[in-house]
1. From 266, 260, grab the single residue that is at positive phi and either of a type in the set (Gly, Ala, Ser) or modelled with pLDDT of 90 or more (or both).
2. Under 7 Å between Cβ atoms, at least 6 apart or on separate chains: pull out the pairs that start in region 154-172 with a residue that is on the phi < 0 side of the Ramachandran plot and end on any residue that is charged (D, E, K, R) and open to solvent by 10 Å² or more (accessible area, probe 1.4 Å).
3. Are any residues in region 1-22 open to solvent by less than 40 Å² (accessible area, probe 1.4 Å) and assigned to a loop (DSSP other than H, G, I, E, B), and if so, which ones?
4. So if I check each of 218, 268, which one is in contact with a Lys or Arg (Cβ under 8 Å, 6 or more places away or on another chain), open to solvent by less than 80 Å² (accessible area, probe 1.4 Å), more than 30 Å from residue 188 (Cα to Cα) and of a type outside the set (D, E, K, R)?
5. Can you confirm whether residue 206 is surrounded by 14 or more Cβ atoms within 10 Å (Cβ to Cβ), among the β-branched types (Val, Ile, Thr) and assigned to a loop (DSSP other than H, G, I, E, B)?
6. Residues that are without any contact (Cβ under 8 Å) to a residue 24 or more places away in the chain, open to solvent by 70 Å² or more (accessible area, probe 1.4 Å) and in a loop (DSSP other than H, G, I, E, B): does region 23-31 have at least one?
Amino acid sequence: MKLVGIAGSIAEQSYNRTLLKFIAKHFEGLVDIDVLDINDVPMFCQDDDQTNSPAIQDLNKKISAADGVIIATPEHNHSVPAALKNVIEWLSYKIHPLDGKPVMIVGASYHSQGSARAQLHLRQILEAPGVNAVVLPGNEFLLGNVKEAFDENNDLKDQRTIDFLQTTLQNFIKFARVINMIGTTNDYEDEDLSAKTGTDTTVKGVEMNDDDWLDKAAKKVNAVEGNSYVKLDSGLLTVNQLNYFLKTIPLELTYVDENNQFIYYNRALPTEKMLAKRTPAQVGDSLDKVHPDIKRVIKHVKQVINELRTGKSDLVSMPVPGDEEKSHVMHYYKAMHDEDNNYKGVNEWAVDLKPIVDYYLQATGQKLVADPNSQVDATSGASKQPAKPEVKVDATTSASKEN
């Protein structure tokens, strides 16, 4: 993966530039990072348009060609430095290389807060209309007390800091691949998330965004319930049995029809415990009501739906960046079709893979180890331990035991 790095400082001695260069050097097996220079970028002024100047066009071309951007920002007066803001002004005036571009934010500062306030402000700037960058959520790398952080070779001293930085970078690689995969064309913009067109299964005469849509729609169509039987293509179940079955499937399931109306989820857990938060009042809502009214969120929902509707992809998978030590949550979106191969909506499921992997490792006596030759974004891979006579398998539970 090809990334570019931008240090938000034009100082001769910049710890944020040092941090970027360390990332480029230390993780060259994961990514190829070109650290860009912003020292020659002119002061932004609409009356003196220098969009076509070599300094700005060089940034434009390299950012456009990259798979993602890492920005390292210092903190000046609780915000980003003027030099960095100036660059973003040029890159959102007549040219827009950051539009739809995955961005990871890091930062270093002299004090313990590690540019936290500047990073928060930078996120807001990057998500502003005209910039429209796609910033990695849920991950922060804040390097405090930076004067003591590097050794004489400009390498980070603390191994735990390096390990955390690697985890954050690997999360960004996954994130960037997903964003780039679903953002290659613009035909998704015609995808209508308001569900106003309707389809042959849409319940007419009931406001779809009504909190009581389920009860009202069921009454409208005289829907069966309880112990009424439903004949399926490979079984005969009562409605109650269907509910028992679906609610005990160890995945969070969501059904969105071809009209982009959210019509079902298997309510196995309370909302606050779900990986993808859903509420009964959302059932029946159009997708533009289900998702936050944030331009970049709506954009990516449209991209995923369009990929599936048009057949460009049959399955879209998306990791949710987070603490890899505690969980590895994946969202999967599968296109559904009828017998004539007509698109009939999306089967979405969310699952935390870490408990599954943990059980597999325990049951088979294997462990995860880092691959020093890895050129992909995987944080680790299953590697079987050399056979040892002291490894025994519990005949009752199949869990391995090591003496």
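1. From the options 266, 260, the qualifying one is 260.
2. If the second residue must be charged (D, E, K, R) and open to solvent by 10 Å² or more (accessible area, probe 1.4 Å), the pairs left are 157/151; 167/324; 170/377.
3. Scanning region 1-22 gives 8, 9, 14.
4. Working: 218 fails: in contact with a Lys or Arg (Cβ under 8 Å, 6 or more places away or on another chain).
So the residue among 218, 268 that is in contact with a Lys or Arg (Cβ under 8 Å, 6 or more places away or on another chain), open to solvent by less than 80 Å² (accessible area, probe 1.4 Å), more than 30 Å from residue 188 (Cα to Cα) and of a type outside the set (D, E, K, R) is 268.
5. yes
6. Yes, region 23-31 contains at least one residue that is without any contact (Cβ under 8 Å) to a residue 24 or more places away in the chain, open to solvent by 70 Å² or more (accessible area, probe 1.4 Å) and in a loop (DSSP other than H, G, I, E, B).
Residue by residue, here is whether (1) of a type in the set (Asp, Glu); (2) part of a helix (DSSP H, G or I); (3) open to solvent by 60 Å² or more (accessible area, probe 1.4 Å); (4) touching a Phe, Trp or Tyr at 6+ places or on another chain (Cβ under 7 Å) holds:
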position: 132; (1), (2), (3), (4): no, no, no, no
position: 138; (1), (2), (3), (4): no, no, yes, no
position: 163; (1), (2), (3), (4): yes, yes, yes, no
position: 174; (1), (2), (3), (4): no, yes, no, no
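Results for (1) part of a helix (DSSP H, G or I); (2) within 13 Å of residue 83 (Cα to Cα); (3) in contact with a strand residue (DSSP E or B) (Cβ under 6 Å, 6 or more places away or on another chain), shown as yes or no for each residue.
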{"residue": "35", "(1), (2), (3)": "no, no, yes"}
{"residue": "41", "(1), (2), (3)": "no, yes, no"}
{"residue": "55", "(1), (2), (3)": "yes, no, no"}
{"residue": "61", "(1), (2), (3)": "yes, no, no"}
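The values are calculated or read from the model by the stated rules, or taken from the named source; none is laboratory data. In this text, all values refer to a predicted model and were calculated from it rather than measured experimentally. Counting neighbours? That spans all protein chains shown, and the Cβs are built from the backbone with ideal geometry, glycine included. Note: areas computed on protein heavy atoms with side chains; ligands, DNA, RNA excluded. Shrake-Rupley method; radii C 1.70, N 1.55, O 1.52, S 1.80 Å.
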